[in-house]
Every structure is written in structure tokens, then in C-alpha cells.
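The values are calculated or read from the model by the stated rules, or taken from the named source; none is laboratory data. Note that the coordinates shown come from a computational prediction; the quantities given were computed from them, not determined experimentally. FYI the Cβ positions are ideal-geometry reconstructions off the backbone, even for glycines, and counts take in every protein chain you see.
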Amino acid sequence: MRYPTEDNLRRAIAFVAALGVGVATYIAIADSGGGAPACLAGGSGCRTVADSSYSHIAGVNVAIFGIVGYAILLGTAFFANDLARFTGFLTALGGFGFSIYLTYLELFKIEAICQWCVASAVLMTILFGLAATRLIGYAGAEHGGGARAAKSDPGAGQPA
Amino acid sequence: MSSRKEREKRREQRLREESPADRGDRRTKLLQVAAGAVFLAIAVVVVLIVVNSSGEGGGDARNLKDVAAVDRLLGGVPQDGLVLGDPKAKVELIEFGDLQCPVCKAYSEEILPELIDAKVKSGEVKIAFRNYTIIGDQSTAAGAAALAAGAQGRGWNYIELFYRNQGVENSGYADDEFLTAIAKGAGVDDIGRWNKERKSAKLTGEVSATTAEAERLGLTGTPSFAVEGPGTEGMEILGTPGSAGEIESALEAAS
């Protein structure tokens, strides 16, 4: 199985993480004045979720954690080494797990869906896929920038 | 800038010195740690979900549920005090209930929505809730709180939302914080006024009066229902019917 070049994976991670920073920042700003994100599709789901006690952990809006997570992921896209690959994977894994938990809360505890939270969960899921592919494909590689680099390094780009 | 170049040079040299076997070891270690992290993450998410699921005891002022569902159920239906439905409806169903009573909660969730949709929204029937407080002191406070919400046109929202978030009876959950959270969730606009009125002698006296009425009628438990309409001679006691169908038959006979 051949993987996309690491440079392409890094570009994709940077793009999706930047979108994530935007979405999480919007949620945090909308919530900061005691308000709620505007549900573009109508309904009161965003208001219900924002008013729920689950929207804050230790007084901090969960969107702030999202901004930090996306920012770290964005940062890892600028480096082509194992530290960046592994940090990106762990951050995306944490974000993905947290998104599953938050989606569970929306569906079964709060009983309302906020489309901005769903958008963030989708972005984090994509990032987890990209970061996992990057780690599996290029862990231990000098630089998996292109097909040549991947070929020149056993185990990189063509994992067993 | 020069120090950055030096760092890059050192890094390139380190990588040149590293054999393919070393890189393979590093890759294996990283992937092993990553796999461990995946298992750990799965475990953490499962534990969080299980812990949250086990907290279904209700009575949690900080996490009210079904606010939207109650709004949907009662949206557009007229309310006057604790009477739900068109004031001109000829048939009246009277429920004597205790907000702490779990059987009343079951009726509220499983039987009354069907009746509200079928009979109340059409204007045929109105339902009056009367407090019959038999469980504890907090039942009286809760009943007065519902009456105070009724004074602002949100009495039935209060009752329905209370039932859907009810805790274990007499466990002390129905405190000021819980009652206030229900009022806010029920859409009571003037919380200051509600707070003053719910503690008034007038409303606590009204709770005592309807409880005394229920005892006088010989009711023995909650919820107890009665029906009154053109087809009845005064108030006809139904007791505790087992199904919505039984109540509907009584309502039809009363019309």
C-alpha cells in the first residue's frame, strides 16, 4: 500500500487544522458574551448545547481546548520529523476521543445537536485519519516529502 | 540565523550517522507507543461514557434534560394557572399529583402526552393539575413553585419539566437551586417575582387546600384523576387509571 507523500499530508493537516482553529474560535467568541453560536440551519440546538453545563470544564469553554488542539496540529504540519509526527498523532487522537465523548453528550445527555460542534468533530476525525496515516507511513523516516524520499528510506511510505 | 543553520547541520549529521536499522527501531518503538495510546484513549472514552450513563438519577439542577421536548409538547397550548388547554373546553380532567411522585412522572411521560396531543390541542379537553402533596416537605415547596410559575403562564411547563428531571423521592434534591433551575428551564420570565410568590402564604396555603380537597374526596394516592363535563354529575372520580385509553373513554363519556 502506498501512502500520500508526507508533504501532501502536512499540507492537508495544515488546511484542516486551520479550519478547525476558525470553527473553535467562532464557538469560543460566540459563547464568551453569554451567547451561543448561530445555528445556520435554524433551531435552538446551538443555544441548548451552549447553555448546558457540559459546555465548560472547570469554567473553561471546551472550545478553548479545541483551539489549543487545532493550533498544536497546525504547528506539527510545519515540521517533518518524528516529534511532529508523534505529537500530531497524540493530539489528534486526544481530540478525536474527546469529540466522540462530546457527541455522546449531545445525543444522549443534552439531547440537542449543535452544527458547529458537529463540524469540529468531523474536522478532528479527518485530522486523526491524516495524522495516523502520517505516523504509520513516515515514522522513523528522515523526511517523507516526496515519492523519492519515501522510496529511499526502507519502511517509510511502504510500511509492512 | 547562524545558530539555526548549525542546528540543522548537526541534525543532518546525526541522521547520516543513524543506520537504517536504528531508524527501523525508532519507527517500531513509535508505533508501539502509538498503539498503546490508542488503547488508552479508547479506555478513557468508554469510562467517561459509562460514568456519565450511570448518573441517570435525575434531580440534577445543573443538567436539566428535555427542556426542548417539553416546549414541543406544550407549544401553542393555552395555559391559565395550572390549567392546560382551551378555557372554554367543556370537559375537564383533573389530576391530583405530587411533583416528587415517581408514578406521576410515569403518567406525565407516558400517558399525558398522548391525551394532550389527541384531546387538549383540539380544544375538547382541558387538564387541571392540583397539588396533592403526600411525599414530603419539598413536595409542598415544589407545588407552590409550580403555582408561582402558573401565575406567569408557565405552570404546565414547570410541572412537565420537573417530572422529567425528577430525582429520588425525599432525597433532598428538590431544593431552591433545583426549583429555580426548573423555573428557568420552564421559561418563567420574571424569576424575582416567581421566587417571591412561591414562598408566599397564599400559594403554600393553596397547596394545603388542594391536598385537603383530595383527602376529602377520599383519594388514596397519586396520581389520582377526576373528570367533569356535561356527561357527569359534578366531579367524577377515576382514581388511577391504568392507561391513556381508560382516561380517554372516561373523557368521552363526560363530553
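Figures for the structure shown
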| quantity | calculated |
| --- | --- |
| Within segment B:145-180, considering residues that are aromatic (Phe, Trp, Tyr) and not in a loop (DSSP other than H, G, I, E, B), the one farthest from B:Asp80 (Cα to Cα) | B:Phe178 |
| Whichever residue in segment B:84-115 is among the β-branched types (Val, Ile, Thr) and crowded, with 20+ Cβ neighbours inside 10 Å and, among such residues, is farthest from B:Ile237 (Cα to Cα) | B:Ile111 |
| Every residue from segment B:61-107 that is within 14 Å of chain A (Cβ to nearest Cβ), assigned to a loop (DSSP other than H, G, I, E, B) and of a type in the set (D, E, K, R) | B:Arg62, B:Lys65, B:Asp66 |
| Odd one out for B:Ser139, checked against (1) part of a helix (DSSP H, G or I); (2) at pLDDT 95 or above; (3) under 15 Å from B:Phe96 (Cα atoms); (4) in contact with a strand residue (DSSP E or B) (Cβ under 9 Å, 6 or more places away or on another chain) | (2) |
| Members of segment A:79-121 that are crowded, with 22+ Cβ neighbours inside 10 Å, part of a helix (DSSP H, G or I), more than 10 Å from chain B (Cβ to nearest Cβ) and touching a residue at least 60 places away in the same chain (Cβ under 8 Å) | A:Gly88, A:Trp116, A:Cys117, A:Ser120 |
| Yes/no for B:Arg164 being of a type outside the set (A, V, I, L, M) and without any contact (Cβ under 8 Å) to a residue 60 or more places away in the chain | no |
| Subset of segment B:200-216 (residues that are among the hydroxyl-bearing types (Ser, Thr, Tyr) and touching a strand residue (DSSP E or B) at 6+ places or on another chain (Cβ under 9 Å)) | B:Ser208, B:Thr210, B:Thr211 |
| A:Gly66 assigned to a helix (DSSP H, G or I), within 11 Å of chain B (Cβ to nearest Cβ), buried (at least 23 other Cβ atoms within 10 Å of the Cβ) and of a type in the set (Gly, Ala, Ser) | no |
| Every residue from segment B:108-132 that is in a loop (DSSP other than H, G, I, E, B) and within 19 Å of the chain's Cα centre (by Cα) | B:Ile111 |
| Test for B:Val51: is it of a type in the set (A, V, I, L, M) and either modelled with pLDDT under 90 or in a loop (DSSP other than H, G, I, E, B) (or both) | yes |
| Some residue of segment B:230-240 being at pLDDT 90 or above, surrounded by fewer than 15 Cβ atoms within 10 Å (Cβ to Cβ) and under 20 Å from the mean Cα position of the chain (by Cα) | no |
| Residue selected from segment A:48-89 under the condition among the charged types (D, E, K, R) and out of contact with any Gly (no Cβ under 8 Å at 6 or more places or on another chain), by the criterion farthest from A:Leu130 (Cα to Cα) | A:Asp51 |
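Yes/no matrix, rows are residues, columns are (1) assigned to a helix (DSSP H, G or I); (2) over 19 Å from B:Gly97 (Cα atoms); (3) not small (Gly, Ala, Ser):
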| site | (1), (2), (3) |
| --- | --- |
| B:Ile182 | yes, no, yes |
| B:Val188 | no, yes, yes |
| B:Arg193 | yes, yes, yes |
| B:Thr222 | no, no, yes |
| B:Ala226 | no, no, no |
| B:Thr232 | no, yes, yes |
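Residues are listed down the side, and each one gets a yes or a no for (1) among the acidic types (Asp, Glu); (2) surrounded by fewer than 11 Cβ atoms within 10 Å (Cβ to Cβ); (3) touching a residue at least 60 places away in the same chain (Cβ under 8 Å):
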position: B:Ala21; (1), (2), (3): no, yes, no
position: B:Asp25; (1), (2), (3): yes, no, no
position: B:Ala34; (1), (2), (3): no, no, no
position: B:Ala37; (1), (2), (3): no, no, no
position: B:Leu40; (1), (2), (3): no, no, no
position: B:Asn52; (1), (2), (3): no, no, no
position: B:Gly58; (1), (2), (3): no, no, yes
position: B:Lys65; (1), (2), (3): no, no, yes
position: B:Ala69; (1), (2), (3): no, no, yes
